[in-house]
Amino acid sequence: MTRALAVATALSLALLSHAPTAQAADPVHFWDLQPRSLRLLVSSPQVMVTRTKAGWDAYCRCPVVLAPSEIPEVMKKAIVAVEDKRYFEHGGVDVISLLSVLKGGLSRGGSTIPMQLLKNLVFHDLRASDVITRLERKGAEVWYAGLFDEAVGKEELLAAYLNQIEFGGRDIVGLYRASRHYFRKEPRDLTLYEAALLAGMVQAPARLNPIREQTRERAHERALLVLKLMSEQGLISDKERRQAERAGIRPGLLPEFKIQPQAFTEWVVETWGDKYVQPGETVRFFVTLNPRIQNMAEQQLSRLVKDGAVPPAYDAGAVMMAPNGRVQAMVGSINWAQRQFNNAVKARVQTGSTAKLPLLIAACEAGKLPESRILDQPVTGNWPSNGALGYRGWTTLKEAMAASRNAAAVRLAREIGADTLADVSRRIGIDPGPTDDPSFILGSYSSNVMTMTAAYASVANGGYQVTPSGVLAVVDGRGQVRADFLTTMRKRVIPEECVEPTQEVLREVVQNGTGRAARLRDWTTYGKTGTSTGNTDAWFIGWSEQRVLGIWMGRRHGETGPALAGAGAPAAYFGRVANAVNEWIDQQQKREEQRLASARTKRPAEPGKMADWFSELRPSVALPKGPSAHDPVPGGKRT
C-alpha cells in the first residue's frame, strides 16, 4: 500500500507539472494544434536533427504511411490485443491499466496506444530511465492522451501508431517497411501468424527479431502469446488461432523497401537547422516527403539509366511538389552513394526553353491569346536558330511555344520588353540576372531545379506564389512547437485571366509539341521541355493531377558523351513517374472511399459503462482555459 501511495503521489505531481498555467504568452505544444493539423503530422515522416560541436547529425524517420483501409484487420486486432486491449473503449487513458501502475510501479507500464504514440513522436527528451524523467513523461502522456485520442480519431490514430512504430532500427519504421523487411510482402498479404509476430515485436524489436537465429525462438513464443490473447479477447476464434499456428510464416518475393532521402534531409538541415536547433539539442522536423513517391522517382530513374536512355556522362536532379510548394520527393543525383551532391538544389545550370514560362504570362498580360499570330523569323542573319525546325513565318503563339521556336520567342520578347519580362520572372520566383537583352527567355541564365519547379507550380495552382517547403512543423523533445508551416499564405502573382491561357499552351507542348514523351493515357499533362546550348543541360518541368515535377539531366563537368535533349529522357522520365504516382493515388483513394462508405453503414458502438477517469481528472484541478484556436504559434502560423 505504501508503494502504491508513493507512486500515486509522484504520478499526480507529474500530471500537475504538465497542467497549463495562465501566462502572458503560453508556448504552443503539439497537442494544442487543430485536429486536422494533428492528423497530418501523425502521418508524416520526420527528420531528426542533432546539432553537435562538429556540425550536424541528421536522419529521416521515413515510414511508408498506410491509410486505415490499407492496414489488414488481422494486424489491427493483433496490436490491440497485445498493446491496448481496451483501445476502442477508453478515451485515451485506460483507467484499469493505470491502476496497475499504482499497484506494481512504473515497470508495469499502463501506456495506451495514444500514450505510446505521443511518446514515440514527441517526447524524445524524456527517454532517460531515471524515475523522475519517467514520471514526467508518464504524466505528460496521461495528461494529453485524451485530447490526442479525440482529435485524431480511433481508426486514424491506430493507423498512425502502426505507421510510426520502429520495428528494428532507423530504416524499419512502420508496418509497411517491416512487412517488406521481415516477410518480403505487402502488409495486405500478411497472414494472421505474421501479424502476431510483428505485433509481438513492438515490446522489444531487437530481442524479438523473427529472422535472426539467436532471437527467432523467442519471437515465435511471443507470437503464440499474441494469438492466445486474441483468442481470449474474442478477436479470433480458437480454430483460427490453431490454424495460424500451423500455417506459420509464408514469405513473399518482394525486395526490401529502400529510398535515398539524404538529399532531402540535407536540404532540411541547411535551410531550417540554424534557425530552430540549438547546440546540443535534438529537434524533430515533421516533413513533407512522401516515401512512396520518393521510391517511385528513384526506381523509374534507375530503370531509365539501366535501359541506356540516360548516357553515363550525365547526372540528374528532380523535385516533385504539391501546388502549394510542399516537396514530396527529391532526387539529388542518379546514385547518392557514388556522388553526394544535391543537383535538385545546389546545381546552378542553364535553363534552356523552360525559361520561356514568364514570356507566356507576359504575353497574356499584354493581351495576346494562345491563337494570336506571331512571326517566326530570325532577327539578324540566322539568329536565333530554330535548329532542324527551320523558320515558319507567321504562326500561332501556341504552336511556336509547343514546337519551341526560339526565333518567334525572341521576337515576341522584344515586343514585350526586357523590363516587363524580368518583372514577371521575379514575380514567379525566378531571378534572370542582368536583363538588358530580352533574349534571356531562351535560358541563358542559370537557376536550379527547385526554383524552376516552384515557378511552374504557380501556374498549376491557379496563379499563386510558391515558396518551396519541406517542413510542416518543428517540435522539440518535450512537445513544444517551435514553428509550424501548416497554413500556407496565398498571394496572387499571375492574373487570374492569364492562368488558363498559359495552361493551354503548356498542355499543347505535351499533346503535340516537344513534350510528347511526357503524355499520359489517362490523365491530362502540362509542361515544357528545355535544352541548353551544346546539349549540356536537358529539362522537363510539368504537372499532372496537381503534382508538379521538375527534372534536370546534365553532363557532368569535364565529361563528354552523346547529346541529350529535354524532349528525350527528361520528358520520358516525367511520364513514367507521373503515371506510377497517379495510378497509386487513384487506387488509394478508391480503397479509402470504400472504407469510409463501409464505416457509415455500420451501427455506432454503444458508449462504455465505465466512467472516463481522465475526463473527470482534468476539471478536478480547476485548470484555467488553455490557448485558444486563434493564439499564434511562435515562428509560424496556427491552423
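The values are calculated or read from the model by the stated rules, or taken from the named source; none is laboratory data. Quantities reported herein were computed from a predicted structural model and do not represent experimental measurements. Cβ sites come from the backbone with ideal geometry, for glycine too, and all protein chains shown count toward neighbours. What goes into the accessible areas is simple: the full protein's heavy atoms, side chains included, and nothing from ligands, DNA or RNA. Shrake-Rupley method; radii C 1.70, N 1.55, O 1.52, S 1.80 Å.
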Q) If amide H atoms are built 1.01 Å from N in the plane of the peptide, which residues on other chains or at least 5 residues away come under 5 Å of the amide H of Thr525? A) Leu520
Q.
For the chain, I need the span (max minus min coordinate) of the C-alpha atoms along each principal axis, in Å, sorted largest to smallest.
A. 99, 61, 55
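For the chain, what's the relative contact order in percent, using C-alpha pairs closer than 8 Å and at least 6 residues apart?
Values: 1221 pairs, mean separation 105.7, N = 639.
Averaging sequence separation for qualifying contacts and normalising by length gives 17 percent for the chain.
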Q. Per residue of the chain, what 222 nm ellipticity follows from adding -39500 (n - 2.57) for every DSSP H run with n ≥ 4, rounded to the nearest 500?
A. -13000 deg cm²/dmol
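So, by mean Cβ neighbours within 10 angstrom, what's the order for 529-537, 381-389 with the highest one leading? Please report the intermediate quantities before stating the final value.
On the way: 529-537: 21.1, 381-389: 12.2.
Final packing ranking: 529-537, 381-389.
Greater than 23 Å separation of Cα atoms is the criterion. Which listed pairs, Lys228/Lys590; Lys275/Lys491; Lys154/Lys590; Lys53/Lys258, meet it?
Numbers: Lys228/Lys590 35 Å; Lys275/Lys491 25 Å; Lys154/Lys590 21 Å; Lys53/Lys258 31 Å.
Pairs exceeding 23 Å: Lys228/Lys590; Lys275/Lys491; Lys53/Lys258.
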Q) Residues with beta-carbon under 14 Å from that of Gly566, excluding Gly566: net charge, scoring Lys, Arg +1 and Asp, Glu -1? A) +3
Q) Can you give the accessible area per residue of region 222-326, in Å², using a 1.4 Å probe? A) 46
Q: Using Cα positions and a limit of under 18 Å, work out the aspartates and glutamates in reach of Lys239, with same-chain residues fewer than 8 apart set aside.
A: Glu73, Glu194
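Taking only C-alpha pairs under 8 Å that are 6+ residues apart, what is the relative contact order of region 189-312 in percent?
Numbers: 71 pairs, mean separation 23.5, N = 124.
Here the relative contact order equals 19 percent.
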Q. Ranked from highest to lowest mean number of other Cβ atoms within 10 Å per residue, what is the order of the peptides 234-247, 196-209, 364-377?
A. 196-209, 364-377, 234-247
(Q) I need the phi-derived Karplus couplings for region 529-539: 6.51 cos²θ - 1.76 cosθ + 1.60, θ = phi - 60°, integer Hz, Gly and Pro marked x. (A) 8, x, 9, 7, 4, x, 6, 6, 10, 10, 10
Q. Could the peptides 312-322, 438-448, 546-556 be put in order, highest first, of the mean number of other beta-carbon atoms found within 10 Å of their residues?
A. 546-556, 312-322, 438-448
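Label region 23-81 by shape, choosing from rounded, prolate and oblate, from the square roots a ≥ b ≥ c of the eigenvalues of the Cα gyration tensor; if a/c is under 1.5 it is rounded, and otherwise prolate applies when a/b is larger than b/c, oblate when it is not. Please report the intermediate quantities before stating the final value.
Working: a/c = 2.84, a/b = 1.38, b/c = 2.06.
Taking the square roots of the gyration eigenvalues as a ≥ b ≥ c, region 23-81 is oblate.
Dividing the Cα convex hull volume of region 504-564 by residue count, how many Å³ per residue is that?
Hull volume normalised by residue count: 87 Å³.
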Q: Could you please state, rounded to a whole Å, how far the C-alpha centre of region 185-234 is from the C-alpha centre of region 440-495?
A: 43
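Considering only protein heavy atoms and a 1.4 Å probe, what is the carbon-and-sulfur percentage of the accessible area of the chain? Mind dumping the intermediate values first?
Values: 13800 of 28080 Å².
Carbon and sulfur together cover 49 percent of it.
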Q. Going by a ≥ b ≥ c, the root eigenvalues of the Cα gyration tensor, does region 456-545 fall in the rounded group (a/c under 1.5), the prolate group (a/b larger than b/c) or the oblate group?
A. prolate
(Q) Can you give the local net charge around Met48? Use residues other than it whose beta-carbon is closer than 10 angstrom to its beta-carbon, Lys and Arg +1, Asp and Glu -1. (A) +2
Q: Positive end of the charge dipole of the chain (Lys, Arg +1 and Asp, Glu -1 on Cβ, about the Cα centre): tell me which of Thr351, Ile211, Val277 has its Cα farthest that way.
A: Ile211
Q: List, in order, the whole-Hz ³J(HN,Hα) value for each residue of region 462-473 obtained from phi through the Karplus relation with A = 6.51, B = -1.76, C = 1.60 and θ = phi - 60°; use x for Gly and Pro.
A: x, x, 9, 4, 10, 10, x, 9, x, 10, 8, 7
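Would you mind counting up the charge near Ala422? Only other residues with Cβ under 10 Å from its Cβ, with Lys and Arg at +1 and Asp and Glu at -1. If you can, show how the numbers build up before the last one.
Working: positive: Arg426, Arg427; negative: Asp419, Asp423, Asp431, Asp436.
Net charge around Ala422: -2.
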